[in-house]
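A.B. asks: The following block contains the structure, expressed as structure tokens.
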Amino acid sequence: MRREAERLFSGDGEKPETERFLGALLDPPPFAPCVLWTGSEEEKAAFLETFSPAPGDASLPWLPEFALRLAPGSEPGGDPLHSAGAFYSLDFSSVWAASALLAATVPARPRVLDLCAAPGGKSVFASLALRPGFLLSNEVIGKRLAILRHNLRRCRVANAFTQRLDPRDLQTLAGDQFDTVIVDAPCSGQSLLAKGIENPGAFHPSSVKGNAKRQTGILTAAAECVAPGGWMLYSTCTFAERENERVVSRILERRPDFSAVAVNHLGPWQSRHVDFPAYRLYPHDGLGAGAFSCLLRREGERGTETELPPDLLAYPASGADSSPADPVQ
Ligand code: SAM
């Protein structure tokens, strides 16, 4: 962990930041939890009678209205409005990472693919931020798919469908049909420590290397699903450069028709490891456990929308019992 920290903050005068980073991982400070509001204004008013908002933070004027930061220590998960689907609990780091989507200029009722979707936080965020005409939330692990479907239904996410496909199969089935593709990739999860969650081996080079390889494969397949002129969000909840900036760099080399796009409101969190726009939130920033976020755009113009293959529409998330049958190998 120390070796990674020293790599991240190498350079003159960075020792204090190395120590602050390690301190936040080993003795995590309390963070303000967040909820994405999916219910009515009346329900929100009732909710705010029980839960106090977090004190305002001048660095967050971009926070969308549907994202509410609550006072540290708030535990809204047990509130009846949660089971009623009035909100989705999401840690602030995830909201921060997903907020890059706010910079994507998408057509009305865009087609959105959330490739690594369970338990559903980014899908709910995308639904509120982008108002998709078609949202495909994909999850490869069966048990997690069930949770994802439950959350999409509970939060009444409109126009949502699910699949359980390997990204390469999805790429073959869908082609470049999506205005926005979200890759919130499986990763070594180093930031979990800053949530007080044990994660042995998260900093081990073999874990980082294995994750980087998998992430590169997923992002390569994801890029094939982006329509000309469309957007792709790559995010993780880990700190290793190899799983973040280097994965993006590899895709930019392989796909010169993609470029990383500046997200103005994330400017204060620009990564010091690359000269393209890519953003890092650290636990010692005091806002959340940590994340990486990078928004990419494919060049070109969106042509006329073609019909989606019927197989993609097989599993509406709001349908009673439908669920993808064929297991992922
Ligand atoms: N986006 C989710 C959210 O906001 O709630 C969290 C996603 S989590 C960081 C990463 C997900 O990727 C997990 O649900 C995991 O099962 C899935 N995953 C694991 N291996 C994968 C693979 N090879 N291809 C695609 N997804 C994978």
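A.B. asks: With the condition kept exactly as written, say whether any residue in segment 244-256 is part of a strand (DSSP E or B) and out of contact with any Phe, Trp or Tyr (no Cβ under 9 Å at 6 or more places or on another chain).
C.D. replies: Narrowing segment 244-256 to residues part of a strand (DSSP E or B): none.
Checking segment 244-256: not a single residue is part of a strand (DSSP E or B) and out of contact with any Phe, Trp or Tyr (no Cβ under 9 Å at 6 or more places or on another chain).
A.B. asks: Name the single residue that is farthest from the ligand (Cβ to nearest atom) among those in segment 152-163 being touching a residue at least 60 places away in the same chain (Cβ under 8 Å) and open to solvent by 50 Å² or more (accessible area, probe 1.4 Å).
C.D. replies: Among them, the one singled out is Arg156.
Table: residues versus (1) within 21 Å of the chain's Cα centre (by Cα); (2) assigned to a loop (DSSP other than H, G, I, E, B); (3) not acidic (Asp, Glu).
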| residue | (1), (2), (3) |
| --- | --- |
| Gly11 | no, yes, yes |
| Lys44 | no, no, yes |
| Phe47 | no, no, yes |
| Pro61 | yes, yes, yes |
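A.B. asks: Can you tell me which residue in segment 243-302 is farthest from Cys187 (Cα to Cα), limited to those that are basic (Lys, Arg), open to solvent by 30 Å² or more (accessible area, probe 1.4 Å) and touching a strand residue (DSSP E or B) at 6+ places or on another chain (Cβ under 9 Å)?
C.D. replies: Of everything passing the filter in segment 243-302, Arg302 is farthest from Cys187 (Cα to Cα).
A.B. asks: Now for a different question. Search segment 290-304 for residues that are under 23 Å from His273 (Cα atoms) and pair each with any residue that is modelled with pLDDT of 95 or more and assigned to a loop (DSSP other than H, G, I, E, B) when their beta-carbon atoms are under 6 Å apart and the residues are at least 6 apart or on different chains.
C.D. replies: Gly290/Tyr282; Ala291/Cys237; Phe292/Asn244; Cys294/Ala278; Leu295/Val261; Leu295/Val263; Arg297/Val261; Arg298/Asp257
A.B. asks: Can I ask one more? Condition check: in contact (Cβ under 8 Å) with a residue 40 or more places away in the chain, within 16 Å of the ligand (Cβ to nearest atom) and of a type in the set (Asp, Glu). Does Asp57 satisfy that?
C.D. replies: no
A.B. asks: Is it true that Thr220 is modelled with pLDDT of 95 or more, surrounded by fewer than 23 Cβ atoms within 10 Å (Cβ to Cβ) and of a type in the set (Val, Ile, Thr)?
C.D. replies: yes
A.B. asks: Pick from segment 185-201 the residues that are open to solvent by less than 40 Å² (accessible area, probe 1.4 Å) and in contact (Cβ under 8 Å) with a residue 60 or more places away in the chain: which of them is nearest to the ligand (Cβ to nearest atom)?
C.D. replies: Ala185
A.B. asks: Over 26 Å from Leu22 (Cβ atoms) and over 17 Å from the mean Cα position of the chain (by Cα): is that true of Glu299 in this structure?
C.D. replies: Yes, satisfied.
A.B. asks: So which pairs qualify, if the first residue must be in segment 62-88 and over 15 Å from Gly39 (Cβ atoms), the second must be modelled with pLDDT of 95 or more and among the basic types (Lys, Arg), the Cβ gap must be under 8 Å, and the two must be at least 6 apart or on different chains?
C.D. replies: Qualifying pairs under 8 Å: Leu63/Arg69.
A.B. asks: When you look at Ile182, is it within 13 Å of the ligand (Cβ to nearest atom), closer than 21 Å to Gly142 by Cα, in contact (Cβ under 8 Å) with a residue 40 or more places away in the chain and open to solvent by 10 Å² or more (accessible area, probe 1.4 Å), yes or no?
C.D. replies: Judged against the criteria, Ile182 is not a match.
A.B. asks: Pick from segment 127-147 the residues that are surrounded by fewer than 19 Cβ atoms within 10 Å (Cβ to Cβ), within 12 Å of the ligand (Cβ to nearest atom) and not small (Gly, Ala, Ser): which of them is nearest to Ser318 (Cα to Cα)?
C.D. replies: Ile147
A.B. asks: Which residues, taken from segment 107-129, are closer than 25 Å to Arg168 by Cβ, touching a strand residue (DSSP E or B) at 6+ places or on another chain (Cβ under 6 Å) and not acidic (Asp, Glu)?
C.D. replies: Those that are closer than 25 Å to Arg168 by Cβ, touching a strand residue (DSSP E or B) at 6+ places or on another chain (Cβ under 6 Å) and not acidic (Asp, Glu): Pro110, Arg111, Val112, Leu113, Leu115, Cys116, Ala117, Gly121, Lys122, Ser123, Ala126.
A.B. asks: If I go through segment 257-287 residue by residue, how many of them are under 23 Å from Ala227 (Cα atoms), of a type in the set (Gly, Ala, Ser) and assigned to a loop (DSSP other than H, G, I, E, B)? Don't jump to the end; show me each part of the working.
C.D. replies: Applying the first criterion (under 23 Å from Ala227 (Cα atoms)) to segment 257-287 yields 257-263, 276-278.
Then keep just the ones that are of a type in the set (Gly, Ala, Ser); that gives 259-260, 262, 278.
From the residues that got through so far, the ones that are assigned to a loop (DSSP other than H, G, I, E, B) too are 262, 278.
Counting residues in segment 257-287 that are under 23 Å from Ala227 (Cα atoms), of a type in the set (Gly, Ala, Ser) and assigned to a loop (DSSP other than H, G, I, E, B) gives 2.
A.B. asks: Okay, moving on. Would you kindly identify the strands (runs of 3 or more DSSP E) lying entirely within segment 148-242 that contain at least 1 residues that are in contact with an Asp or Glu (Cβ under 7 Å, 6 or more places away or on another chain) and farther than 25 Å from Ala314 by Cβ?
C.D. replies: Answer list for segment 148-242: 226-236.
The values are calculated or read from the model by the stated rules, or taken from the named source; none is laboratory data. Keep in mind that this is a model prediction, so the values were computed, not measured. Cβ coordinates were reconstructed from backbone atoms using ideal geometry, including for glycine residues, and neighbour counts include every protein chain displayed. All accessible areas refer to the heavy atoms of the entire protein, side chains included, with ligands and DNA or RNA removed. Shrake-Rupley method; radii C 1.70, N 1.55, O 1.52, S 1.80 Å.
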